[in-house]
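The values are calculated or read from the model by the stated rules, or taken from the named source; none is laboratory data. All values reported here derive from a predicted model rather than from experimental measurement. So basically every Cβ, Gly included, is an ideal-geometry build from the backbone, and we count neighbours across all protein chains shown.
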Amino acid sequence: MRIASLYRLLTATVFGAATVMTAQAAEPLKIGLVLPMSGQFATYGKEISNGIKLYLAKNGDTVAGRKVELIIKDDAPGTAGDVSKRLAQELLVKDKVDILAGFALTPSAAAVAPLATEAKKPMVIMNAATSALTTRSPNIVRTSFTLPQNTAPIAIWAAKNGIRKAYTVVVDYSPGHDSEAQFTKTFTAGGGEVIGGVRVPIKTTDFSPYLEKIKEAKPDAVFIFVPAGELAVSFMKGFQERGLGKVGIKIIGPGDLTDEESLDAIGDAAVGIINSFHYAPGHKSPENKAFTEAYSKAYPGDRVNFMAVGGYDGMHLISEVLKKTGGNTDPDKFVEAARGMKWVSPRGPVFIDPATRDIVQTIYIRKVEKVNGKLQNVEFDQIAEFKDPGK
């Protein structure tokens, strides 16, 4: 009788434990996305979320036995850190998310980083590009790029290709400061001279006063960083209207200026611009061909761009990390599994730097050309395995 009773007790205990483990495994994987889905930077949120959804549609919406649940909070305009912080708090307290992700712009990511540390949650940055962001929390991993990483190569190219004097125009917030500092450092090290510069407000719509200063300074080229979208279009419109190109001033910069979402609006004025960037839809590889075809099918009428790739790769990283951890989202285990992770992205081979938790990738030198009647960034040179030089 005692043996039978003990058997029943052991069976019940094992069955109960198995039931609890099954229930835990079946809990959804809640990913809280903080993204601007309306306002000036709405295309950022749309592209990043499209990339995430495309990855799930292709690879399945269950990761390590847990069904993925996306909860999106609109932190428009994306530049107000207090808004992003409040929404992230809602995701953590009310929605009880397992992972924080998204973050289109630096103020958003910077404001939320301390919450990720305090709440002990992994945080995956899919676009925001200030170099120092990964130092704001040990729980951050970034799958996009940094501004110094995309800036140094164009400075190297310019110094080697007859550009001796440059004038800088950057948006007056952290990514702009990063880009300005890196360009100046790398360009002057290559023998170039920065003869002037200006920082413009992020809400600038009229670049006329700045363009007049550039024209008077007579540089060989103007180096510009503005976020992709409306600001890029406004700058190019003013540059053309004031005839700076006609007096021989070239435009160089990171590829935000000639983002595919902006090219049609800029028009033929963009032809000939040399820029450096980590992704172009025309990148020739089997992975990118499959990605761009799937994107066009899923989102007809939209031009795929670097933000979609940041979201796609961000979801790839989350998925592969959780396969390693068995679905466990403990931040220490998550980050450790992410360190050194390698894969072939639509942009090319990438890996996560074990030391900085930033992405290491190929940076391409591109020129805007018209290909079959369509404006495109065409790659003609590259620097492989380029780390963020900002750290």
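When the residues of region 274-306 are filtered to those that are modelled with pLDDT under 95 and among the aliphatic types (A, V, I, L, M), which remaining residue is nearest to Pro28 (Cα to Cα)? So, considering only residues that are modelled with pLDDT under 95 and among the aliphatic types (A, V, I, L, M), the one nearest to Pro28 (Cα to Cα) is Val304. For Lys121, the conditions (1) out of contact with any Ser or Thr (no Cβ under 7 Å at 6 or more places or on another chain); (2) in contact (Cβ under 8 Å) with a residue 60 or more places away in the chain; (3) surrounded by fewer than 19 Cβ atoms within 10 Å (Cβ to Cβ) are fulfilled apart from (3).
Restricting region 132-147 to residues that are farther than 20 Å from Glu379 by Cβ and part of a helix (DSSP H, G or I) leaves a set whose member that is farthest from the chain's Cα centre (by Cα) is Thr135.
Yes/no matrix, rows are residues, columns are (1) surrounded by 15 or more Cβ atoms within 10 Å (Cβ to Cβ); (2) touching a strand residue (DSSP E or B) at 6+ places or on another chain (Cβ under 9 Å); (3) modelled with pLDDT under 95:
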site: Ala337; (1), (2), (3): yes, no, no
site: Val360; (1), (2), (3): yes, yes, no
site: Tyr364; (1), (2), (3): yes, yes, no
site: Asn372; (1), (2), (3): no, no, yes
site: Gln376; (1), (2), (3): yes, yes, yes
site: Asp381; (1), (2), (3): no, yes, no
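Criterion applied to Val222, Val226, Val247, Val233 was being free of Cβ contacts under 8 Å to residues at least 60 places away in the same chain, out of contact with any Phe, Trp or Tyr (no Cβ under 9 Å at 6 or more places or on another chain) and within 25 Å of Gln182 (Cβ to Cβ), and the one residue passing it is Val233. Residues of region 345-356 that are closer than 20 Å to Ala308 by Cβ and assigned to a loop (DSSP other than H, G, I, E, B): Pro346, Arg347. Checking every residue in region 184-203 against the condition of being under 21 Å from the mean Cα position of the chain (by Cα), modelled with pLDDT under 95 and part of a loop (DSSP other than H, G, I, E, B) gives at least one match.
Residues that are on the phi > 0 side of the Ramachandran plot: which strands (runs of 3 or more DSSP E) entirely in region 219-284 hold 1 or more of them?
On the way: elements: 221-225, 250-254, 274-277.
By residue number, 250-254.
Any residue at all in region 24-33 that is out of contact with any Cys (no Cβ under 6 Å at 6 or more places or on another chain), touching a residue at least 12 places away in the same chain (Cβ under 8 Å) and in a helix (DSSP H, G or I)? The answer is yes; a qualifying residue exists.
Of all the residues in region 357-391, those that are in contact (Cβ under 8 Å) with a residue 40 or more places away in the chain and in a strand (DSSP E or B) number 20. Residue count for region 148-177, restricted to those that are part of a helix (DSSP H, G or I), touching a helix residue (DSSP H, G or I) at 6+ places or on another chain (Cβ under 7 Å) and at pLDDT 95 or above: 8.
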